Protein chains: 2
Amino acid sequence: MSPTPARIIAVDTHDIRFPTSRELDGSDAMNPDPDYSAAYVVLRTDAADGHEGHGFAFTIGRGNEVQVAAIDALRGHLLGRDLDGLCADPATLNRDLIGDSQLRWLGPEKGVMHMAIGAVVNAVWDLAAKRAGLPLWRLLAEAEPEWLVGQIDFRYLTDALTPEEALALLRRGREGAGERTARLLERGYPAYTTSPGWLGYDDDKLSRLAARAVADGFTQIKLKVGADLDDDIRRCRVARSVIGPHVRMAVDANQRWDVGEAIRWTKALAAFDPYWIEEPTSPDDILGHAAIRRAVAPVKVATGEHVHNRVVFKQLLQAGALDVVQIDAARVGGVPENLAILLLAAKFGVPVCPHAGGVGLCELVQHLSMFDYVAVTGTTEDRVIEYVDHLHDHFLDPVVIRQGHYTAPTAPGFSAALRPETLARYTYPGGAFWAADLDATKKGHPA
Amino acid sequence: MSPTPARIIAVDTHDIRFPTSRELDGSDAMNPDPDYSAAYVVLRTDAADGHEGHGFAFTIGRGNEVQVAAIDALRGHLLGRDLDGLCADPATLNRDLIGDSQLRWLGPEKGVMHMAIGAVVNAVWDLAAKRAGLPLWRLLAEAEPEWLVGQIDFRYLTDALTPEEALALLRRGREGAGERTARLLERGYPAYTTSPGWLGYDDDKLSRLAARAVADGFTQIKLKVGADLDDDIRRCRVARSVIGPHVRMAVDANQRWDVGEAIRWTKALAAFDPYWIEEPTSPDDILGHAAIRRAVAPVKVATGEHVHNRVVFKQLLQAGALDVVQIDAARVGGVPENLAILLLAAKFGVPVCPHAGGVGLCELVQHLSMFDYVAVTGTTEDRVIEYVDHLHDHFLDPVVIRQGHYTAPTAPGFSAALRPETLARYTYPGGAFWAADLDATKKGHPA
C-alpha cells in the first residue's frame, strides 16, 4: 500500500507591522513616515519532513490588512494541493492563481491581488527549495533550462521574448556556471547602500553614515531626493564631499515628479555626478521614462520597485526607457515572473540592480541576482543589489554583508522566514508590542 | 449660535453578489463564469436633508470581500468630514486618499486600492449632486471651468495636458452648452448593445438577440471573440447576416491575445467588417496596442475598461495606440480622474465610448458621456455608450433606453443607489438569496 501523498493542509496569514516611522528610517519624498510591514503567509503541510513555505508582501503600514485579505482570498487554490506535484511543477499553481477568472478582474496582474499571488508563489518556491535541500538561487541555477522555461508565463511577452529565445539564453548561461558558483561562494555579490540617504536624516547623520558606508566597503550609496531642490543640492554636496569622486552616488525621487520637472531637477543635480536617477516619475509612465532618459544622459535612469508586472518591464525595455532594471522580489507575481523579467533584461542587455530594503526584500532578492549571475548573464559588472540595514534580525536566515557584498546563502529555501518571537511581538494589533503601544496611547490621551 | 456643521457620520460597506454565472450572462474569452458583484459603499451624514452618498466598485465575484476591505481601509479619511467643505471642494478628499503615503504603496493608483478610492470618491460626487439638486451630468456641465480644473489631479499629466489647456477646452466646451442640454433631454445619448454577443450564447440566441437589437433601434452591436477562431468566424457571419451591412459590429477579445496573435486573429475576422477590436491584448501594453493598431487598420482599436489610471490613458493617446477611449466609471479614481481622461481624449481628438454593463456601470457612466457631449466635445458623432440589459432593476434610478439611446437622467445624484431589498437579498453570504443557496448546496451535497 503506498502512503497517502503529502498535501498543503494550512495557509496561515499574519499582519506584521514594525514601528519604523518613529525613527524616520525609510523616509523619502513620497513616503514620509512608513511603518514597514509584511502580509506574511506560511504554508503548512502534512509531510513528514516538517518543512513550511514562507512568503510575504511588503507594505508600509496602513492597508496591510487589505493585503492579508488578498492572500486569504487565494487559500482555496492551495489547500489540499499535492506537494510532490506542486514542487515538481509550481507553474500549475501559477496558472490557477493568475488565471482565476473572477479574481483577475481585481487586477489584472497588478496591485494588492498581484502582490498576494507573489507572496503565495514565493512561499511555494521556498518550500520547493527546502525540500530540494538547496538555497533558492542554487535550485534555479542548477535547474534544467527546459524546466525553467516551462515555469514562465510568456503571455503578453512573445513580441519581445519567445520561449525559444529564453531557452537559448538559459542554455548559454549554463556555460561556466560551476566556476561562477565557486566565485560567488567565495566573494559574494556586490551591494550598494541606501542607509545614509533617507530624507528624514540631518546632514550630520548623512555625513557620518556615508563615511561609514565607504569604510564598510560599499562602492555605491543612494540618496533620497525630490522634496526640496535646495535641500537636495546641499545634501548631494555633503555626500559627494564625504565619499569622494570614485564612489557612485545614485539619487532616488520616489515618483515625485512630472516629466518636465524630472528633467529640470536631475539636471540641477548633475554637477554632483549622480550615477542614476531612480523613479523620476510615475512607475506607469513608460514613455515618460523614455523622454527623461533621452534628456538627462549621461545620468542613467532606473526604475522597477513599483513596476507591477512583466508587461510594463517589457515596454520599458522596448522603449529604451531604462539603463537599470530594478526588480523587486515581492511586487510582481513571485519567482517565475521575476525569471521572465531577468530574461527580458538579459535579452535587451540592460543590467538588473534589484530594489531591496523594507521587510525581507534583501533576504529574497539576493537569490534572484545570484541566479542571474551564475546562470543567465554571467557577470556582476555594473550590477549591485540594494542594501538597507533594517530589520534583518527578525529573520531566521538574515542576509550577511561582508565588505560591501552579499554573502551567498547556503541554508535551503528562500530566506523568507521570520522568527517566531517576531510574529508574537509585531502582529498587528494583537502582538505584544502593538497591544502595549495602543494601551499606552489610550492612557496618554484619555477620552 | 450657529448650528453645528453637518458631517459624515458613517461609511457603510456591503458585499453584494448576483449569481449571474448560472445564465452565462457576461461570459467572454477571459471571464467564462462571472458573478457580477459590487463592493458597495454608503456615506451617511447628520445633515437634516437626509441625503446619502452611494458608490461602488464592480467586481465579478470572488475577491469582492477584498474590495470591501479596501474601502473599509479608507474610512478614517471620511468620518467627521465637514459636508459643506467636502461638497464645495471634493478635491481636498481626493488629495488625502491618493496621497495617503502608506496606502499608496499598495498601488500606486491601481488595482483594488484605486478602485476603492474610485468608489468612495464617486459616492462623494453622488452626495454633492444630490445636495445641489442636480443629476451629476448637469452639475458637471454647469460648473465653472475654473472649479472643474481645480478638481483634477494633473500629476504625471503635464507633458500631455496642462491645467491651462484643460481650462481652454472647458471654456470652449461651454459655448452652445444650453442648446446641447436641450437636445440631450429630447433625444438622449446613443448606445450600443453587447447583449447579443456573450460567448456562452448559442447561434440561435445570438441571432435572435442581434435581430432584436436592430429592431430596438441600436446602430451598433458587439460580439465577444477570442476563444476559438472557427467559432468566431461562424458567429461573426451569423451576426453580420442578421444585422446587415450598415449596423456596426464591434468585436471584443477581453485581453486574450499576444500582439502577433491579435493581429492575425483580427485580420481573419476582417471579412465581416468589424468596427473595432476591443481589448486585443493586455491593458498594460501601450506599445502593443500601438503595434496592433498600425497592423489592423481600418479596423479600429479600442480599450480602457481595465486601464487603471490616467497615466496609462495619457500614453495610449501619446503613442497613437487607440481609436476609441473606453472609460469605465468604477475602475479609476472616480469622477475627477475620468474628467482628466475625457479632457486628454478631447485634446488628442479621440472619441470616448464608455465601457458599461456589470453592476451599475451603465447608470454611472452615462453621466460622464453626457457631460462630455454638453460641455467638452459638443458632439456624439462616432460616440456610443455600451449598454447591457442586466441588473438594472436593482437600482433606484435605473437607466432608461429608448430607440437605442440613453435617456438623460433627471433625478439628482449619480444614479448609484441600489434598492434596499436588493441589499437584503444579495448581500454575500448572509443575504436571503445566498443563505438559501448555501443551505441548498449543503443539503444537495451531504458531507
Inter-copy spacing of residue B:437 label points, which lie 7 Å from Cα along Cα→Cβ, given in nm from shortest upward: 4.1
Would you work out which of A:244, A:198, A:282 lies farthest towards the positive end of the dipole of region A:161-290, given +1 charges on the beta-carbon of Lys and Arg and -1 on that of Asp and Glu, about the Cα centre? A:244
For chain B, whose charge dipole is built from +1 on Lys and Arg Cβ atoms and -1 on Asp and Glu Cβ atoms, the candidate among B:428, B:156, B:6 with its Cα farthest towards the positive end is B:156
Where does chain A land at 222 nm, in deg cm²/dmol rounded to the nearest 500, when only DSSP H runs of n ≥ 4 count, each adding -39500 (n - 2.57), divided by all residues? -13000 deg cm²/dmol
I need the phi-derived Karplus couplings for region A:363-378: 6.51 cos²θ - 1.76 cosθ + 1.60, θ = phi - 60°, integer Hz, Gly and Pro marked x. 4, 6, 6, 3, 5, 6, 5, 5, 4, 4, 5, 5, 10, 10, 8, x
Given the C-alpha centroids of region B:196-263 and region B:102-132, what is the distance between them in whole angstrom? 34
Please report the spacing between the Cα centers of region B:156-183 and region A:344-393 in Å, no decimals. 47
Residue A:23 accessible area, assembled protein chains, probe 1.4 Å, Å²: 120
Which links in B:300/B:347; A:267/A:300; B:205/B:300 stretch past 22 Å when you go from one Cα to the other? B:205/B:300
Give, in nm to one decimal, the length gained when the segment between residue B:172 and residue B:88 is fully stretched (0.36 nm per residue of separation minus the Cα-Cα distance). 27.9 nm
Local net charge near residue B:386, Cβ-Cβ under 12 Å (Lys/Arg +1, Asp/Glu -1): -3
Hand me the GluC sites (Glu not before Pro) from region A:128-222 located in a DSSP loop with no more than 15 other Cβ atoms within 10 Å, in residue order please. A:175
Considering all projection directions equally, how large on average is the shadow of the alpha-carbon convex hull of region B:177-421, in square nanometres? 12.8
Using alpha carbon positions and the Kirkwood radius, the Rg to Rh ratio of chain A is 0.96
Shortest first and in nm, the label-point separations between residue A:168 and its counterparts in the other identical copies (7 Å out along Cα→Cβ) come to 5.0
Please get the size of the charge dipole for the protein assembly as shown, origin at its Cα centre, with Cβ charges of +1 on Lys and Arg and -1 on Asp and Glu, quoted in debye to the nearest 20. 860
If one puts a single equal scatterer on every Cα of region B:8-135 and applies the Debye formula without solvent, what log₁₀ I(q)/I(0) results at q = 0.10, 0.16, 0.17, 0.20 Å⁻¹? -0.35, -0.79, -0.87, -1.08
Axis-nearest residue of B (beta carbon) for the B-onto-A rotation, whole Å: B:111, 1
Between chains A and B, what is the buried accessible area summed over both chains (1.4 Å probe, protein heavy atoms, nearest 100 Å²)? 5100
With every protein chain present, what accessible area does residue A:437 have (1.4 Å probe, heavy atoms only), rounded to the nearest 10 Å²? 30
Report the far tail of the P(r) of the protein assembly as shown, meaning the percent of Cα-Cα pairs longer than 38 Å. 43
Cβ-vector label at 7 Å, residue B:187, separations to other copies in nm: 7.4
If I take every Cα pair under 8 Å that is 6 or more residues apart in region A:8-134, average their sequence separation and divide by the length, what percent do I get for the relative contact order? 28
Lys and Arg at +1, Asp and Glu at -1: neighbours of residue A:16 with Cβ under 13 Å from its Cβ sum to -2
Quick one: net charge of residue B:272's neighbours, Cβ under 12 Å, K/R +1, D/E -1? +4
Could you please state how large a percent of the accessible area of the protein assembly as shown is carbon and sulfur, counting protein chains only and using a 1.4 Å probe? 51
Computed magnitude of the charge dipole of chain B (debye, nearest 20; Cβ of K, R +1, Cβ of D, E -1): 540
Length gain on complete extension for the stretch residue A:79 to residue A:402, per 0.36 nm per residue less the alpha carbon to alpha carbon distance? 112.2 nm
If contacts are Cα pairs under 8 angstrom and at least 6 residues apart, what is the relative contact order of chain B in percent? 18
Treating only the Cβ of Lys, Arg, Asp and Glu as charged (+1, +1, -1, -1), what charge dipole size does region B:177-421 show about its Cα centre? Round to the nearest 20 debye. 580
With a 1.4 Å probe and every protein chain left in place, work out the accessible area per residue of chain B in Å², rounded to a whole number. 34
Which listed residue (A:219, A:388, A:99) has the Cα farthest towards the positive end of the charge dipole for chain A, taking +1 on Lys and Arg C-beta and -1 on Asp and Glu C-beta about the Cα centre? A:219
Would you please name the GluC sites (Glu not before Pro) within region B:366-447 that are DSSP coil residues with at most 14 other C-beta atoms within 10 Å of their C-beta? B:381
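The values are calculated or read from the model by the stated rules, or taken from the named source; none is laboratory data. If you're wondering where the values come from, they're calculated on a predicted model, not measured in any experiment. Note: ideal-geometry Cβ built from the backbone for every residue, glycine included; neighbour counts use all protein chains shown. These accessible areas exclude ligands, DNA and RNA; they are computed on the full protein's heavy atoms, side chains included. Shrake-Rupley method; radii C 1.70, N 1.55, O 1.52, S 1.80 Å.
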